[in-house]
Amino acid sequence: MEQLAIDGGKPIFERPLPARNLIGEDEKLAVMRLFDDAIKSGEGIGYNGPAEKQYEKDFVDFMQGGFADGVNSGTNAVFCALGALQLEPFSEIIVPPITDPGGVMPVVLLGCVPVMADSDRRSYNVCAETIEAVITERTKAIVVAHIAGEPADIEPIIKLAKKHNLYVVEDCAQAHGAEYKGRKVGSFGDIAAFSTMFGKHHCTGGQGGVVYTRNEQLHWQGRRFADRGKPFNLSAENNVVAGLNCNLNDLSACIGSVQIKKLPRIIEKRRKLAGIIKEGLKKSKAVSMGWQVPDTESSYWFMRLKFDSNAIRVDKQTFCKALEAEGVMVNSDYNHVPCTFPWFKDKAVFGKSGFPWNCSDYKGPKNPSFEMKNTREAVEAHFIMHLFESWSESEIINILAALNKVEAAYLK
């Protein structure tokens, strides 16, 4: 048997896998044209200008209709999407169990209370059954994240939301272009948030985001909230609601317009490479593709792989360290479970007040605890593998070779 690299053997990849190379000459040229225009005119590069309007149009075209507002981060996209709903303080908002902290923190910063729904035990995403279990008379909205680019089972969630008269906010930060029954995620709920930071499917530079909706009223409410309450599409002369300055800018938008034209090719390549891995894992005894909702197409921000601990004589962490030594980009755990983080457990939001939970006006649990049995099982049963569209099919074949090598060494 071939000696593992972690034990001193020759690794499958003697050089690191190629970088993603997301940014190229096209983005550079577009930015230089913007600088040339600014220098020629003598005006600074601003926001809400032609470049930002063009990017928003390009985004809407990608989504095949609707309304888009560029903002300065994915977290603020969630913040402004929720702000558009104009919920009363102490409203309960059901949030995903596995997500970036920026997918939950906006809830408390709006004076509302996040309530964690458990995941479907087969994936990192919520489902209608786990959401329904935590609905109360105080619930006003549901945030649904499509983690890893895998669509949540959104139709039953929408049906449940309508039954209880709840808003649905889709967090599509990791799921640009992912599809549920042939339709892009972000177009099912009342409003959606996208992150366009440098590591996502397409970017607007270092940070950025988009608030997207097909509801024109929510679009304008969100746009006002994202720019200090400016009276967009109203006859008022001055600011009409309190909000922060969450604007994108023309420089970032300029990059975004180039990027989003590449997005269909990026998604197509990721799906192709993921398909090769899925096919190659069919003979594996310990590793398989994670379950996905039927009739969906992931956009594979990363690959969620299931680990069968009963087939292997080492734990998942040891297995993944051996894969890393072979040159495969993996993480043994995806421990993005906000209710386990200090800020959430300590209610560290507004000084030491414990607001909003501790406020007498909130009639829900002051010290909520969430069992999260399915979430724990899902995190323990899977590991993640990174996937770049810049990789070749031969590099994917070598990734499979590394997986087979490590599995063969550790099989019971």
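The values are calculated or read from the model by the stated rules, or taken from the named source; none is laboratory data. Bear in mind that the values here come from a model prediction, so they are computed numbers and not experimental data. Every residue, glycine as well, gets a Cβ built from its backbone with ideal geometry; the counts of neighbours run over all protein chains shown.
Within the stretch 299-329, restricting attention to residues that are among the hydroxyl-bearing types (Ser, Thr, Tyr) and part of a loop (DSSP other than H, G, I, E, B), the residue that is nearest to PHE383 (Cα to Cα) is TYR300. Whenever a residue of the stretch 32-61 is free of Cβ contacts under 8 Å to residues at least 12 places away in the same chain, its partners that are assigned to a helix (DSSP H, G or I) and surrounded by 13 or more Cβ atoms within 10 Å (Cβ to Cβ), lying with C-beta atoms within less than 7 angstrom and at least six residues away or across chains, give the pairs GLY44/ALA38.
Here is a yes/no grid of residues against (1) hydrophobic (A, V, I, L, M, F, W, C); (2) in contact with a strand residue (DSSP E or B) (Cβ under 8 Å, 6 or more places away or on another chain); (3) buried (at least 18 other Cβ atoms within 10 Å of the Cβ):
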{"site": "SER119", "(1), (2), (3)": "no, yes, yes"}
{"site": "ALA152", "(1), (2), (3)": "yes, yes, yes"}
{"site": "ASP171", "(1), (2), (3)": "no, yes, yes"}
{"site": "ALA178", "(1), (2), (3)": "yes, yes, yes"}
{"site": "GLN207", "(1), (2), (3)": "no, no, yes"}
{"site": "VAL210", "(1), (2), (3)": "yes, yes, yes"}
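Number of residues in the stretch 330-349 that are touching a residue at least 12 places away in the same chain (Cβ under 8 Å) and in a loop (DSSP other than H, G, I, E, B): the value is 8.
The conditions of being buried (at least 24 other Cβ atoms within 10 Å of the Cβ) and over 16 Å from GLY186 (Cα atoms) are not met by PRO96.
Taking the criterion of being over 20 Å from TRP301 (Cβ atoms) and acidic (Asp, Glu), the only residue of the stretch 394-412 that qualifies is GLU407. Within the stretch 374-412, the residues that satisfy the criterion of being among the basic types (Lys, Arg) and either assigned to a helix (DSSP H, G or I) or within 14 Å of SER123 (Cβ to Cβ) (or both) are ARG376, LYS405.
Restricting attention to the stretch 93-137, the residues being charged (D, E, K, R), in contact with a helix residue (DSSP H, G or I) (Cβ under 9 Å, 6 or more places away or on another chain) and more than 23 Å from LEU305 (Cα to Cα) number 2. Taking residues in the stretch 350-364 that are modelled with pLDDT of 95 or more, and partners anywhere that are charged (D, E, K, R) and part of a loop (DSSP other than H, G, I, E, B), the pairs with Cβ atoms closer than 6 Å and at least 6 places apart or on different chains are GLY354/LYS347; TRP357/LYS347; TRP357/LYS366; ASN358/LYS366; GLY364/ARG138. In the stretch 23-36, the condition of being under 24 Å from VAL241 (Cα atoms) and in a loop (DSSP other than H, G, I, E, B) is met by no residue. Answer yes or no as to whether HIS386 is touching a Phe, Trp or Tyr at 6+ places or on another chain (Cβ under 6 Å), under 20 Å from GLU150 (Cβ atoms) and either at pLDDT 95 or above or among the small types (Gly, Ala, Ser) (or both). Here the answer is yes, as HIS386 does meet what is asked.
In the stretch 360-387, the qualifying residues are those that are aromatic (Phe, Trp, Tyr) and surrounded by 19 or more Cβ atoms within 10 Å (Cβ to Cβ), and the one that is farthest from SER309 (Cα to Cα) is TYR362. When you scan the stretch 193-208, do you find a residue that is of a type in the set (A, V, I, L, M) and either without any contact (Cβ under 8 Å) to a residue 12 or more places away in the chain or closer than 15 Å to MET63 by Cβ (or both), even just one? Checked the stretch 193-208: at least one residue is of a type in the set (A, V, I, L, M) and either without any contact (Cβ under 8 Å) to a residue 12 or more places away in the chain or closer than 15 Å to MET63 by Cβ (or both).
For the stretch 37-65: of the residues being among the small types (Gly, Ala, Ser) and either part of a helix (DSSP H, G or I) or in contact with a Ser or Thr (Cβ under 9 Å, 6 or more places away or on another chain) (or both), which is nearest to ASP227 (Cα to Cα)? Applying the filter and picking the extreme gives ALA51. For the stretch 268-298, a residue qualifies if it is among the acidic types (Asp, Glu), more than 18 Å from GLY199 (Cα to Cα) and not in a strand (DSSP E or B), and the qualifying residues are GLU279, ASP295. Only residues that are surrounded by fewer than 12 Cβ atoms within 10 Å (Cβ to Cβ) and of a type in the set (Lys, Arg) were counted in the stretch 8-27, giving 2.
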